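Below is one structure, written out as structure tokens; comments come after it.
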């Protein structure tokens, strides 16, 4: 029943006048500079500490290990983690030491998180996401990340380029953490996140299911002289695998296996089908009997 | 002499509308219907005779009028003040009993040549209902000039409206001829194919009359015999009667869809994953007779009819809110069925609807549908009873005018047989009641649906 | 303390009232003096190391079978079948026995490098299990490893592409079972043998069969001649299944049968009074009974149903055996009798039973009137060996509210069966002749069975056939506290109180009848001498 006429409603465009194409403002072109302005940072810090963190605690009580490795590391650094769930990002951000937590940006897939303006805004605000081209080296997205590292911002990046489809890790891509580390000279901190796929699996239709998780930080790595991004990426992946081994067994056994080069691969067994899934570690035990005991 | 008169009175009309929200039939007490002393109506012209009503039924459309729920569409084919009552068996001054065919078509209105519809014998479709030497009025009982059945003053009828009643008929049998004629018309007009699945929604007087008409007319070979006749009825006595009148199965309303689905082997369109599978059927009944005319009943009819099937509206609808998407998508034929006239039979012959209706009534002894009668002095009670007929275990409620001297403060008639709740009204037994009671001893209560013929 | 065996109590003046189940409630009834009450044996002591016992059974199979690891090789087709949601009752506390057994089987398969593994829920014509039910039965680990890639399947008796006809038995019975299972190099079947009729050749021949095959033994004639189907040697149902099972074996399907028995620890500690003898109820038991009874009186039936269906039984594993079907089943049956057997002397005129809220076919669902009849006259009536507990022409009195209520998603064909079929006749033979075919082939039921969580269209018929033996044997069935309309629809007599029911029974069995009460659950098997 809208009978309002022109001055009181938006004008329509005359058919005879060509209409300029609307400016694309999503994906890699999204202007996320606003999300690092001081008032926004303050608001994000408040939300992170008072909403995101308790919420993450509630559905995914985390055991954090290795945070001491970060004590003497000079900011900014690149955090390179394995990736199994959308929960990884908020979990990682909220378990980072405060020194890093509020001055960290997250490289997020441009095609997934920045395809709509409102989504881009939500992620930019919530976790300080920046759009990142995940498939290949993209000059613009790499430039932006490097520039931010140069400006003192830490960077969280998932070198697998996406969440694991079957629970086992995918190969770490050289075009992400390794490339940026070589370009900026900043150290890479390997991080292993475990158990998030039980809480919020990829493709899951159900509500998140509470389950304990763990986050382990490793010692920072820097590219050796003459080491190319490809080889450095393998080294980062191995470092994360050692952290995974440490969670599964203990630190000493993990170190010894690492020394022998016998660290179990993050990518799982060389089999196919059900045996790959079967080899995954089971969901932690469910809670006690819900009936009150009399 | 006393008559019930319906006047144009807006405040009373509004009051009845309001009161009817408490329940059908509640509007009568506060509405525009009043008991007055009136003179017998004057004979409008040659060919007209006086009829003194014996019994006059209360019809669903009467209830809608008294409750102020009637469609405003009828404003132009009604003249005030009128005496309601179009289901009438009466006696002529010459002594013969007649049933009135109430539609006031061209013949009664003295219009010659008649309109095309009347010329074809389709009296119900007459195009001159507001013209001629009579005041507007679609039927006797809605016209200011003719009088109506709810009156001791009598009514006037054109000789074309008279149907002599066979001696074997009780007055109760004769008074249901008019509603049975409506049902007969609907059944003949639905063009039943042989072996079709037929569903009847609602089993008040009209629903039961449709069931009786389908079984009697198909038995006589006038219409094709259906493969199955399912009746959805809310009340146990309705299910029992429907079973006796020839329904394959008489079911509670929520069971109707399932029975039709089983019979026609169709699927249900809803996603099976939710707790309640059972949306509209993919197939369904070939013909559905909606004998209620409410939004719910039309909705249910559309849910159980097959694509390209027919839904026949027998009960009078008013302004209803119905989702017509299924009608559009399934290409359903929605047909109205009003009144009567001349029918074309399966044999190719034609017959007057009223003649067929007499056959149907005789075949099933439909006088048993008259559950209670009242003197017109107790019209509030009568109308309330008619409005709650199903709930009170009754079917047709009628006014009894056989008691000629309308004394003031008269006792109500005690004819409450078949009234499962036993709300008898005292008073003496009438001459016909004894015979009547003998026939209606089959009454009983059954807490659950029964399947016709086997229960 | 060693668990005590079952007991037949003779009611005397000092016997406290007896507990009767009544759907989602229970009541105490004073039985006439001289009545007998049959109590189940106490739960056996569980195995100390269930996983160890399972491994031992897999490595030391019975009969003509090699240990499981020797039967596994890379490149083989392995199918692991398991019992569906109808077992055990009530569903057991996690971890379910199926999970424990299948994790061991799959670990062995993984070690042996078997790539082609498919899991099949042996549903027969039951409803498909929901994700939550599968997760509960198999555990998250198995579910998550197999379900996403489509390797966790549920038997579909209406999928012509996944059925294979193996032949006909000497008696002309078609044997048509799940194709994947029949064409595997090894078929491992994981059973929970809650009662004596479960397992044996019935596992594969029934659980993985199609309607075409099932109708040869799921029919009124077979059921009337299964006396009882808890006692395989006298059960025509089992004879037929055994013929089919042998044909399946002969046609080259290699079955590695794993059967497990549970103890009768049926209710959590809080509800311990439900499985204790009334005169031994402690103060706590009595307080719990009073509190529960009072609370349930004030709880709407829907809520009470949800509460009861969330009960998880503390059933524990008491035996596990694996290997060749018949050798395994002989041991299993002996173990079940050890847990559930009670010796009873002679028959009775009147058998009373209190029916609980659950039957095999309404787990997480509504116990509709047909299931009430099936639980009472199909299952509990048949919990005997030798001769029925009640004499021929005797009376069974069921205690259950029997509401006219159905789960439209789980039991759609039951609704039509109740409205359309039972309003016509209650005679199983007549029903099977006139109506079975049209329900079994109704495309809507087939659709709901295959894609939803509905029992097959013909399933309510089977429920009624299960009652055939009892209907043939009994003089009258009375339901105490039942919805009169629903009870009458099934041809039974409703009674308001037990005393009225006994009065009505006297028309059939005379003024001074003998009376026996089946105090179950927990389950028991009567060995009637």
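Values in this text are rule-based calculations from the coordinates and carry no lab data. Since we're looking at a predicted model, the values are computed, not measured. Cβ sites come from the backbone with ideal geometry, for glycine too, and all protein chains shown count toward neighbours.
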Counting each pair of different Cα atoms once, what's the Kirkwood radius of the stretch C:267-323 in Å, rounded to one decimal? 13.4
log₁₀ of I(q)/I(0) at q = 0.24 Å⁻¹ - the stretch C:414-499, Debye sum with one point per alpha carbon: -1.17
To the nearest 0.05, the calculated FRET efficiency linking residue A:19 and residue C:294 through their beta-carbon distance, R0 being 56 Å, is 0.15
Against the empirical 2.2 N^0.38 Å scaling, what ratio does the C-alpha Rg of the stretch C:371-529 come to? 1.10
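Mind running the shape call on the stretch B:96-156? Use the C-alpha gyration tensor, a ≥ b ≥ c as the square roots of the eigenvalues: rounded below 1.5 for a/c, prolate if a/b tops b/c, oblate otherwise.
On the way: a/c = 2.35, a/b = 1.67, b/c = 1.41.
Prolate, since a/c reaches 1.5 and a/b exceeds b/c.
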For the stretch A:78-189, divide the Cα radius of gyration by the Kirkwood radius and give the resulting Rg/Rh value with two decimals. 0.93
Roughly how far apart, in whole Å, are the Cα centres of the stretch C:39-103 and the stretch A:206-251? 39
Normalised by the number of residues in the stretch C:243-333, what is the relative contact order in percent for Cα pairs under 8 Å and 6+ residues apart? 50
Which residue fluctuates the most in chain A, going by a Gaussian network model with Cα springs under 10 Å, if the choices are A:125, A:158, A:172? A:125
Express in % the proportion of alpha carbon pairs of the stretch C:103-233 at distances exceeding 25 Å. 31
Taking the stretch A:142-294 as the region of interest, what is the percent of Cα-Cα pairs per 5 angstrom bin, listed from the shortest bin to the one with the maximum distance? 2, 8, 15, 18, 18, 15, 10, 7, 3, 2, 1, 1, 0, 0
Whole percent per 20 Å bin, from 0 to the bin with the longest distance: what is P(r) over all C-alpha pairs of chain C? 23, 58, 19, 0
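Hey, what's the Cα Rg ratio for the stretch B:233-386 versus the globular rule of thumb, 2.2 N^0.38 Å?
Here the Cα radius of gyration is 1.23 times the empirical estimate.
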In degrees between 0 and 90, to the nearest 10, how far off the longest principal axis of chain A does helix A:251-260 point, with axes built from Cα atoms? 90
If you average the C-alpha positions of the stretch B:38-87 and of the stretch C:319-337 separately, how far apart do those two centres end up, in angstrom? 85
Please report the base-10 log of the normalised intensity I(q)/I(0) for the protein assembly as shown, using a Debye sum with one equal scatterer per alpha carbon and no solvent, at each q in 0.06, 0.07, 0.09 (1/Å). -0.75, -0.92, -1.13
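How much of the pair distance distribution for the stretch B:2-84 lies past 18 Å, counting alpha-carbon pairs only, in percent?
Values: 1609 of 3403 pairs.
Considering the stretch B:2-84, 47 percent of its Cα-Cα pairs are separated by more than 18 Å.
Using only the Cα atoms of the stretch C:133-190, construct the convex hull and provide its projected area averaged over every direction, in square nanometres to one decimal.
On the way: hull surface 22.0 nm².
Its Cα hull, projected and averaged over all orientations, spans 5.5 nm².
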Compute the distance from the alpha-carbon center of the stretch C:229-281 to that of the stretch A:26-70, in whole Å. 56
So what are the radius of gyration and Dmax for the Cα set of the stretch B:44-144, in Å? 13.9, 39
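In percent, how large is the relative contact order of chain A, given Cα pairs closer than 8 Å and 6 or more residues apart?
Numbers: 456 pairs, mean separation 62.4, N = 294.
Result for chain A is 21 percent.
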Kirkwood hydrodynamic radius (Cα pairs, Å) of chain B? 22.2
Helix-only mean residue ellipticity at 222 nm, chain B, DSSP H runs n ≥ 4 weighted -39,500 (n - 2.57), per residue, nearest 500. What is it? -7500 deg cm²/dmol
Nearest-5 percent of antiparallel DSSP beta bridges in chain C? 30
Virtual spin-label span in nm between residue B:9 and residue A:146, 7 Å along Cα→Cβ: 9.6
Using a Gaussian network model on chain A with a 10 Å cutoff between Cα atoms, which of A:36, A:197, A:139 fluctuates the most? A:139
Among beta bridges that DSSP assigns inside the protein assembly as shown, antiparallel share in %, nearest 5: 35
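Could you list C:142, C:366 so that the one with the fewest beta carbons within 10 Å of its beta carbon is first and the one with the most is last?
On the way: C:142 25, C:366 20.
Final ranking by Cβ density, sparse to dense: C:366, C:142.
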Distance between modelled label sites at residue A:230 and residue A:37, nm, 7 Å Cα→Cβ extension: 4.5
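Rounded to a whole number, what is D in µm²/s for chain A from Stokes-Einstein with the Kirkwood radius over alpha-carbon pairs (10 °C, 1.306 mPa s)?
Diffusion coefficient, whole number: 76 µm²/s.
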What ranking do C:153, A:89 get, fewest neighbouring Cβ atoms within 10 angstrom at the top? C:153, A:89
For q = 0.18, 0.27 Å⁻¹, what log10 I(q)/I(0) does the stretch A:3-84 give under the Debye formula with an equal point scatterer on each alpha carbon and no solvent? -1.18, -1.23
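Hey, got the average number of other protein chain Cβ atoms within 10 angstrom for residues in A:239-249?
On the way: counts 0, 0, 0, 0, 0, 0, 0, 0, 0, 0, 0.
Mean partner shielding for this stretch: 0.
Stokes-Einstein D for the stretch B:1-42 at 20 °C, 1.002 mPa s, Kirkwood Rh over Cα pairs, in µm²/s? Walk me through the numbers on the way to the answer.
On the way: Rh = 10.9 Å.
The diffusion coefficient I find is 196 µm²/s.
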Degrees, to the nearest 10: A:229-248 long Cα axis against longest axis of chain A: 60
With springs only between Cα atoms under 10 Å, which of A:26, A:240, A:73 fluctuates most in a Gaussian network model of chain A? A:73
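What's the Cα-based Rg to Rh of the stretch C:160-275, Rh via Kirkwood? If you can, show how the numbers build up before the last one.
Values: Rg = 16.2 Å, Rh = 15.3 Å.
My calculation of the ratio gives 1.06.
Between rounded, prolate and oblate, where does the stretch B:296-392 land on the alpha carbon gyration tensor, with a ≥ b ≥ c its root eigenvalues, rounded for a/c under 1.5, else prolate if a/b exceeds b/c? Write down the numbers at each step before the final one.
Working: a/c = 2.63, a/b = 1.24, b/c = 2.11.
Since a/c reaches 1.5 but b/c is at least a/b, the shape of the stretch B:296-392 is classed as oblate.
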How big is Rg to Rh over the stretch B:114-252, alpha-carbon atoms, Rh as the Kirkwood inverse-mean-distance radius? 1.03
Rounded, prolate or oblate for the stretch C:4-112? Axes are the square roots of the Cα gyration tensor eigenvalues, ordered a ≥ b ≥ c, and the cut-off for rounded is a/c under 1.5. prolate
Consider all pairwise Cα distances in the stretch B:105-196 and report the whole-number % of them above 16 Å. 65
In chain A, what % of DSSP beta bridges are antiparallel (nearest 5)? 20
Restricting things to alpha carbons, tell me how big the stretch C:346-432 is in terms of Rg and Dmax, in Å. 14.3, 43
Degrees, to the nearest 10: B:295-304 long Cα axis against longest axis of chain B: 40
